[in-house]
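Structure first, commentary second.
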Amino acid sequence: MPVALQAFGLSDPADRLYRELLRTPRATDAELTARLGLVPDQLRSSRTELTGLGLLRPSREDPSHLHPVVPELGLAALLARREAELLSQRQEFEQARAAFGQLRAEAAAERHHTRTEHLIGADAIRDRLAELGAGTSSQALVLSPDAGPTNAPNAPNAPNARDEPDTPAAGLPDESLAAELLTRGVELRTLFVDAVRRHPPTVEYARRLVGLGGQVRTAPALPLRLVVLDRETVLLPLDPERADTATVLHGRGPVAALCALFDGLWHSAAPLCHPRGRDLNGMTAQHYALLRILQQGDTDVVAARKLGVSERTVRRLTAEALEVLGARSRFQAGARAAERGWLR
């Protein structure tokens, strides 16, 4: 039984065609299809495959006729190419193994230096954040799903005041700390939820930050409160349901995933100066974010926290999305939104 040539990259039809052409190089298409059991399309594609691999070339006597290249030349060239590929793959494997060993050693060293702190109480969190901020030298990243600075005035007591965020939870830099960081040349990126665009105190605070050199953007929804300092220390909630608790995590490795989360949200967010209106579908970014949140099975309470709005606003946004989609239920709205490609 002949050895198959798949190791050279040939398909089975191309293998059989090459062997047959070596035996009868002047065979007609009709003869080849009959002997090999191939249909015309298979014969054409096999010829194209052999030509691409350099096993067929135009005859010197008749350029319109493809002549098989003898194995001593054609297969030898393929064998040399395959050997070079395997050598390259071997080198890549050795590089990957070396990189794995290096990263494993770095991770082990990082675990040795990783430590956490638990903070209880707004004052304890604020004091520790100020202390950590004083040692920050290059960058501070802030996720604020609640509202503006801790010392910003509350929104007016309008009838719908609860629809918009008031002061944020503990664990976010206040205005004095933010200003101090920027004055020292620390890069400060702050990401709010879109809901703050209707909260004048936060908008004014954001403009002051920008005036001092800070960067401010908004996103439809944010998963949690977060402060990252120099990409090595992170302050995040110990209990998402309690604003007066926090965990401080130290170590570049463990913080990397949270930095990646921030970077992804930041790149898809919009600068505060860019308007966030309805699109051609009649939907806002908040509507799309809410549909994705509800698709995950989250409750109105969780959705409200991620969007930085009240539960009443969540219900209003849901009703608006159902109306746009012509849906009678949240399940139906989710299905129709998925069909339209809105939940990517």
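Below, the figures for the structure above:
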read-out	value
Criterion: of a type in the set (Gly, Ala, Ser), surrounded by fewer than 13 Cβ atoms within 10 Å (Cβ to Cβ) and within 22 Å of residue 265 (Cα to Cα) - qualifying residue of 308, 297, 326	297
Number of the exception - residue 176 against (1) part of a helix (DSSP H, G or I); (2) at pLDDT below 85; (3) open to solvent by 20 Å² or more (accessible area, probe 1.4 Å)	(2)
Leading residue by the ranking (farthest from the chain's Cα centre (by Cα)) among those in region 49-92 that are modelled with pLDDT of 80 or more, of a type in the set (Asp, Glu) and more than 19 Å from residue 26 (Cα to Cα)	83
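The values are calculated or read from the model by the stated rules, or taken from the named source; none is laboratory data. In this text the structure is predicted, and so the values were computed from the model without any measurement. Because the Cβ atoms are built from the backbone with ideal geometry, glycine has one as well, and the counts that use them run over all protein chains shown. Areas reflect the complete protein model, heavy atoms only, side chains present, ligands, DNA and RNA absent. Shrake-Rupley method; radii C 1.70, N 1.55, O 1.52, S 1.80 Å.
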